[in-house]
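Asker: Here you go, one structure.
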Amino acid sequence: MIIIGEKINSTLKSIRPAMETYDVAAIQDLAKKQYEAGATYIDVNAGMFYEDEPQRLEWLVKTIQEVIDAPFSIDSPSASAIEKALKVNRNGKPIINSITDEKERYNSILPLITQYKTGIIALCMDDTGMPETVDDRVTIAERLVEKLSKEGVSLPDIYIDPMVRPVGTGSHYGVVAIETIRRVKSEFPDVHIACGLSNISFGIPARKLMNQSFLIAAMTAGMDGAILDPLDRKLMSFLYAGEALLGIDDFCMNYIMKFREGLLET
């Protein structure tokens, strides 16, 4: 399972002060904790700092790669901010988070993917807005995969985001996300999924319970990557158990190892 650690994000009140004050120790500590908890990638987002986002995103990358070698998910709609971070990256192949099929955004982000040979999270959205139906999302996903492939992006470097929307704002949104994942993985088995997991529970109580349930349902549909909180031990425990149940973890070896390390929370 590809785990993109979501905690270093300027929209989170718990971490934003550390970004505001360039608190190296706090940023490095949070990055290390996510990495040690199982994050495959560390997402970095400085989008709330509108006036100097490029400089702050660059600082985040420089600061974190001093202490860990995990690759980055560079999270911004701004091509200039992403490029600033890419230029100082030394931690292997990053993922750009993200591109859409909106003409302006697609054309601004594509050159960075091809120049820096990155992975790319591709959101099921185009110039008509955020699609409501499974068919519309799959159509956009197909179009994005086709266009990116023609530009030389390999299928394993493409991460389709099915655009998870809060189930509290529409009782069909859970099914729509799950079925989009199922159909995309069926059509493009070599393409990854990068689902913003906690979006499903926004605005409702007991969010962690909803996130845990959605994780298993989405994994069953074929989700092999998620943007989530790796410090949520219960959520990670569900993830390890899910991998074992779905035959991803041979002979439950990883599950057993996590148990022996005291990382499973029952």
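Every read-out reported here was derived from the displayed coordinates using simple, explicitly stated rules and does not represent laboratory data. All of these numbers come straight from a predicted model, not from anything done at the bench. Note that each Cβ is placed from the backbone with ideal geometry, even for glycine, and that neighbours are counted across all protein chains shown.
Asker: Give me, ordered by chain and number, the residues 5 or more places off Gly196 or on other chains with an amide H under 5 Å from its own placed amide H.
Answerer: When sequence neighbours closer than 5 places are left aside, the close amide H contacts are Met163, Val164, Ile227.
Asker: Enumerate the calculated ³J(HN,Hα) couplings along the range 72-86 in order (Karplus 6.51 cos²θ - 1.76 cosθ + 1.60, θ = phi - 60°), each rounded to whole Hz, writing x wherever the residue is Gly or Pro.
Answerer: 9, 9, 8, 9, 6, x, 8, 4, 5, 5, 4, 5, 4, 6, 4
Asker: For a quick check of your reading of the filter: which GluC sites (Glu not before Pro) in the range 190-266 sit in a DSSP loop and have no more than 16 other Cβ atoms within 10 Å? If you can, show how the numbers build up before the last one.
Answerer: Working: sites: Glu243, Glu261, Glu265; in loops: Glu261, Glu265.
Answer by residue number: Glu261, Glu265.
Asker: I would also like to ask the following. If you restrict to DSSP beta bridges whose two residues both lie in the chain, what percentage is antiparallel, to the nearest 5? Each step should come with its number before you reach the end.
Answerer: Details: 1 of 27 bridges.
Once the DSSP bridges in the chain are tallied, antiparallel ones form about 5 percent.
Asker: Can you pull the one-decimal nm distance between simple spin-label points at Lys13 and Leu245, each 7 Å off the Cα toward Cβ?
Answerer: Computed distance between label sites Lys13 and Leu245 equals 3.4 nm.
Asker: Would you grab the residues whose amide H sits under 5 Å from the one on Met125? Only those 5+ places off in sequence or on another chain, please, with H modelled 1.01 Å from N.
Answerer: So Met125 has HN proximity to Asp101.
Asker: Work out from phi, with θ = phi - 60° and the Karplus expression 6.51 cos²θ - 1.76 cosθ + 1.60, the ³J(HN,Hα) of each residue of the range 184-191, listed in order in whole Hz, and give x for Gly and Pro.
Answerer: Here the 3J(HN,Hα) series is 5, 5, 5, 7, 10, x, 8, 7 Hz.
Asker: At R0 = 22 Å, how high is the FRET efficiency between Ala25 and Asp52 if r is their beta carbon distance? Nearest 0.05 is fine.
Answerer: Numbers: r = 21 Å, r/R0 = 0.96.
So, using R0 = 22 Å, E works out to roughly 0.55.
Asker: Which of the peptides 32-42, 111-121 is most tightly packed, and how do the rest follow, going by the mean number of other Cβ atoms within 10 Å of each residue?
Answerer: On the way: 32-42: 20.3, 111-121: 18.1.
Result, highest mean first: 32-42, 111-121.
Asker: Given H placed 1.01 Å from N in the peptide plane, which residues other than close sequence neighbours of Ile2 have an amide H under 5 Å from its amide H?
Answerer: Under 5 Å from the amide H of Ile2 lie the amide H atoms of Gly225, Ala226, each far enough along the sequence or on another chain.
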